[in-house]
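Below: the structure, in structure tokens.
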Amino acid sequence: MSVMRSMAQSVTLREKGIEVPLPQGQCYFNYYWLRDNCPSSFNPETRERSFDIFHLDAAPRARVARIEGDTLTIEWAGEDHQTRMPLSVLAAYADGKRRPDPADLPRRPWYGDHYPDVARFTQSELLSDTAKVREWLEVLIVEGVSVVTGMPNSDAALTQLAQLMGHIRPTFFGTYFDVKTHINPTNSAYTAASLELHTDTPAEEHAPGMQLLHMRANTVEGGRNLFGDGIAAANDFRDLDPDGFRLLSEIAVPFFCEHDTYDMRSYQRVIELDQRGEVSGLTISQHMLDMIDIPQTLLDDYYPAFCRFGRLLQDDKYIMRFTLRAGECIVFDNHRVVHGRAAYSATSGDRYLRGCYTDRAEMRSTYRALVTEGRFKA
């Protein structure tokens, strides 16, 4: 292996990369990575990479490299190109860790007594103050639930609110859905019966991440809302039943939603984990759970664990019980918050709730844009 040293600058050229002195010590960087991420590789207007490393005639290799002030300068062999890479950028990527994400905030679990402390915002302040939008989105990332008050009794009000975090995400139920009693219901929500705790649309391969439910009218007897934090329950389940937790977080089971014009199916893990192995949410719905088609001997352990978790999830410790009033919209993480309702008397008054979804990733994208300047802003 050919090794050339520039002792004055303490840069070492190796066969496939460079060693550079940084505050954390001597750090190695691959030539492909350095060439591909040269600052000139990115178009400042489109904010996309404009350089195509696939078109290099040969593997990139430095001819000369030196430190000039706070910059690593590289003259590339066989190519009329110079890279000037800030040492601060190299220091940020030296350890092979993920780029810091301002939307990767610690989740704060909550329990059945949380409803008086649920963060509340008014529709008017969110529409007029981006600082309030930033605060609202942070609450949704950290706690997964908030209530927006002062919502006008109009279709446009829900659209305006949803678009503050992203685009409205259609499902096989449509762009919006109206929760009221239907003569020929295609979903349990469209009846006056009680609705068990669940997450929505589990039969979709990628269920929408954020849900907005705007109460337009509510004068009926009964129908209290039930909301629980799946993360709080799953974290406790992990401590109480490690083997059951492992089964529910590793084995995917089938969900379905079928009617005359659609037949939606997916396989999901009941307990969802993030890249760090921490609980990030749930996918659970008794009325959309398909006939589980894993080996019957495995069900000897899976079903008891599933039932133990289901009973835990319904414990009063975890469930907020409240009545959403007309003019209020509850916004929550559909991959985290299980929700349901008590039965109500359909003839006792009027109950009309209009809902829609947005994507969780898009909501986080909006939050990042509000809290950081990004890599390309001057």
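Based on what the data block shows, is L298 hydrophobic (A, V, I, L, M, F, W, C), at pLDDT 95 or above and loosely packed, with under 13 Cβ neighbours inside 10 Å?
Numbers: hydrophobic (A, V, I, L, M, F, W, C): yes; at pLDDT 95 or above: yes; loosely packed, with under 13 Cβ neighbours inside 10 Å: yes.
Against the criterion (hydrophobic (A, V, I, L, M, F, W, C), at pLDDT 95 or above and loosely packed, with under 13 Cβ neighbours inside 10 Å), L298 qualifies.
Has the stretch 268-276 got at least one residue that is over 22 Å from the mean Cα position of the chain (by Cα) and either under 28 Å from F172 (Cβ atoms) or among the hydroxyl-bearing types (S, T, Y) (or both)?
Checked against the condition, which is being over 22 Å from the mean Cα position of the chain (by Cα) and either under 28 Å from F172 (Cβ atoms) or among the hydroxyl-bearing types (S, T, Y) (or both), the stretch 268-276 yields no hits at all.
Restrict the check to the stretch 341-348 and report whether at least one residue is assigned to a strand (DSSP E or B) and either at pLDDT 95 or above or surrounded by 13 or more Cβ atoms within 10 Å (Cβ to Cβ) (or both).
yes
Could you check the stretch 172-212 and list, in sequence order, the residues that are at pLDDT below 65, closer than 16 Å to E258 by Cβ and assigned to a loop (DSSP other than H, G, I, E, B)?
The answer is N184, P185, T186, N187.
Could you list, in sequence order, the residues of the stretch 353-373 that are open to solvent by 50 Å² or more (accessible area, probe 1.4 Å) and not in a helix (DSSP H, G or I)?
Once the filter is applied, which keeps residues that are open to solvent by 50 Å² or more (accessible area, probe 1.4 Å) and not in a helix (DSSP H, G or I), the stretch 353-373 yields D359, T372, E373.
Which condition breaks for W33 when tested against (1) among the aromatic types (F, W, Y); (2) open to solvent by less than 60 Å² (accessible area, probe 1.4 Å); (3) assigned to a helix (DSSP H, G or I)?
(2)
Residue by residue through the stretch 258-287, note down the ones that are open to solvent by less than 10 Å² (accessible area, probe 1.4 Å) and not hydroxyl-bearing (S, T, Y).
Scanning the stretch 258-287 gives V270, I271, V279, G281, L282.
Return the residues of the stretch 120-134 that are in contact with a Phe, Trp or Tyr (Cβ under 8 Å, 6 or more places away or on another chain) and buried (at least 18 other Cβ atoms within 10 Å of the Cβ); say none if nothing qualifies. If you could, list the steps in order and put the result at the bottom.
In the first step, residues of the stretch 120-134 are kept if they are in contact with a Phe, Trp or Tyr (Cβ under 8 Å, 6 or more places away or on another chain); the result is 121, 126, 132, 134.
Matches in the stretch 120-134: F121, L126.
Answer yes if at least one residue in the stretch 96-103 is closer than 30 Å to A232 by Cβ, open to solvent by less than 80 Å² (accessible area, probe 1.4 Å) and among the hydrophobic types (A, V, I, L, M, F, W, C), and no otherwise.
yes
Applying the selection to the stretch 134-169, what residues are over 14 Å from R368 (Cα atoms) and among the charged types (D, E, K, R)?
E143, D155, R169
Among the residues of the stretch 309-325, write down those that are within 13 Å of N225 (Cβ to Cβ), open to solvent by 30 Å² or more (accessible area, probe 1.4 Å) and not in a strand (DSSP E or B).
T323, R325
Can you pull out the strands (runs of 3 or more DSSP E) entirely within the stretch 213-305 that have at least 1 residues that are in contact with a Leu (Cβ under 8 Å, 6 or more places away or on another chain) and more than 22 Å from D316 (Cβ to Cβ)?
Qualifying strands (runs of 3 or more DSSP E): 252-259, 262-269, 271-273, 279-282.
Under 8 Å between Cβ atoms, at least 6 apart or on separate chains: pull out the pairs that start in the stretch 134-149 with a residue that is basic (K, R) and end on any residue that is at pLDDT 95 or above and in a helix (DSSP H, G or I).
Sorted first by the residue in the stretch 134-149, then by its partner, the pairs are R134/Y367; R134/L370; R134/V371.
Given the residues T46, T83, T71, which is the only one that is exposed (fewer than 14 other Cβ atoms within 10 Å of the Cβ) and among the hydroxyl-bearing types (S, T, Y)?
Exactly one of T46, T83, T71 is exposed (fewer than 14 other Cβ atoms within 10 Å of the Cβ) and among the hydroxyl-bearing types (S, T, Y), namely T46.
Read through the list (1) free of Cβ contacts under 8 Å to residues at least 60 places away in the same chain; (2) surrounded by 14 or more Cβ atoms within 10 Å (Cβ to Cβ), then give the number of the only condition that N334 fails.
(1)
Of T323, T297, T366, which residue is within 24 Å of the chain's Cα centre (by Cα) and of a type outside the set (D, E, K, R)?
T366
Filter the stretch 138-175 for residues that are within 22 Å of N218 (Cα to Cα) and open to solvent by 50 Å² or more (accessible area, probe 1.4 Å) and give the result.
First, the residues of the stretch 138-175 that are within 22 Å of N218 (Cα to Cα): 145-162.
Once the filter is applied, which keeps residues that are within 22 Å of N218 (Cα to Cα) and open to solvent by 50 Å² or more (accessible area, probe 1.4 Å), the stretch 138-175 yields G150, P152, N153, D155, A156, Q160.
Do any residues in the stretch 359-378 that are touching a residue at least 60 places away in the same chain (Cβ under 8 Å) and under 11 Å from P102 (Cα atoms) have Cβ atoms under 6 Å from those of residues that are among the charged types (D, E, K, R) and assigned to a helix (DSSP H, G or I), where the two are at least six apart or on different chains, and which pairs are they?
The qualifying pairs are L370/R134.
The values are calculated or read from the model by the stated rules, or taken from the named source; none is laboratory data. Here the structure is a predicted model, which is why all the values come from computation and not from measurement. Glycine gets a Cβ as well: all are built from the backbone with ideal geometry, and neighbour counts include every protein chain shown. The accessibility values were calculated without ligands, DNA or RNA, using every heavy atom of the protein model including side chains. Shrake-Rupley method; radii C 1.70, N 1.55, O 1.52, S 1.80 Å.
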